[in-house]
Amino acid sequence: MKVHDCARRLGISDSMVRYYDRSGLIRSDRHPGNNYRDFTDQDALAIYHAKMLRSFDMGVQEALDAQNQSLSTISGWVGSHIQDLEQQIIWEEMRLLRLRQMQYYFSMIQKRADSRLAESVRYDSYNVWNFGHVDVLSPEEQTAIDILAQNMPFSYIAIRISLESILRPGEDLDVSIGLGILEQNREKLELELPPELQRYSGGPMISLFMETPDPFSMTKRDIAPLLEEADRRKITLNGDLIGRIFISYMKEGHFVHGMGLGISIGS
């Protein structure tokens, strides 16, 4: 076969066939009559094999050299690549979950103002508070912050409104933000967080999806729909309001932060 006929049968370009020829992957002979390269069926098989390995992200030279490697050598590469790909799948699954959570926020916030309450599930998590109404950070908390900051988007921006500020007279609220991570993501990433770090238990909750230009200036009026719903259901607040800041964006010429806050409703 001439180069064009070989390339057409393989479904690749003439230049790619020539590249494989120059690389030494195939050893085509020249036709004695016209001095053209004469490609064989075995050459086509060698090219297919190299392309198959390249499709699994094997390096170009590795794929070219694979025909000269032992089974154990190629098996070792395949085993290593399986581990890498499995880890990539785990990472992509976590990224997909985060994007779906953001999309859920979009769908809720675009509804009417009186329908931004929804029942949802909070998963077990770890949150570290480092801005706003917080005390001095402990060495363990600083360590956790460093770990979580290096693991976005698998970690997230967390927000907390203290129960004490909700129950006291007046409109002001004590707000803190920081970083958090779901327990399931921590396990998948095999992150070792300090054992002193508090683990927040999950469970069913009522969530309020809202926008605010300044989370640290929120008042009880901002979270009134959530508090009123808890009162209507006779739910006793027994802890801080915990939530996430999903994304920040422009709305009507103003920068706002989109978030969800939840109240546990028990099992």
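Brief remarks follow.
- Using a probe of 1.4 Å, the accessible surface attributed to Trp91 totals some 90 Å² when neighbouring protein chains are kept in position.
- Dividing the mean sequence gap of close Cα pairs (under 8 Å, 6+ apart) by how many residues the chain holds gives a relative contact order of 17 percent.
- The mean sequence separation of alpha-carbon pairs under 8 Å and at least six residues apart, normalised by the residue count of region 51-179, gives a relative contact order of 22 percent.
- Amide hydrogen neighbours beyond the local backbone of Arg199, cut-off 5 Å, H modeled: none
- Here r is the Cβ-Cβ distance between Ser23 and Arg95 and R0 is 30 Å; the resulting FRET efficiency, rounded to 0.05, is 0.25.
- Residues with amide H under 5 Å from that of Arg122, placed H, sequence gap 5 or more: Gly203, Met205
- Straight-line cross-link reach from Lys220 at under 27 Å between alpha-carbon atoms covers these lysines, not counting any fewer than eight positions away in the same chain: Lys111, Lys234, Lys251.
- When the surface is traced with a 1.4 Å probe over the full set of protein chains, Thr219 keeps roughly 20 Å² accessible.
- Among the protein heavy atoms of the chain, carbon and sulfur supply 52% of the accessible surface, probe 1.4 Å, non-protein parts ignored.
- Other-chain or far-sequence residues with amide H under 5 Å of Asn130's (modelled H): Ile177, Gly178, Leu179
- Accessible-area order (highest first, 1.4 angstrom probe) of the listed residues Glu171, Glu119: Glu119, Glu171
- Answer label, with Kirkwood radius over Cα pairs in Å calculated from the coordinates and candidates (i) 18.4; (ii) 23.2; (iii) 21.0: (ii)
- All aspartates and glutamates inside 14 Å of Lys2 as judged from Cα atoms, apart from same-chain residues fewer than 8 positions distant: Asp14, Asp21, Asp29, Asp38, Asp41, Asp43
The values are calculated or read from the model by the stated rules, or taken from the named source; none is laboratory data. Bear in mind that the values here come from a model prediction, so they are computed numbers and not experimental data. For neighbour counting, all protein chains shown are included, and Cβ atoms are generated from backbone atoms with ideal geometry for every residue, glycine included. These area figures cover heavy atoms from the full protein model, side chains too; ligands, DNA and RNA do not enter into them. Shrake-Rupley method; radii C 1.70, N 1.55, O 1.52, S 1.80 Å.
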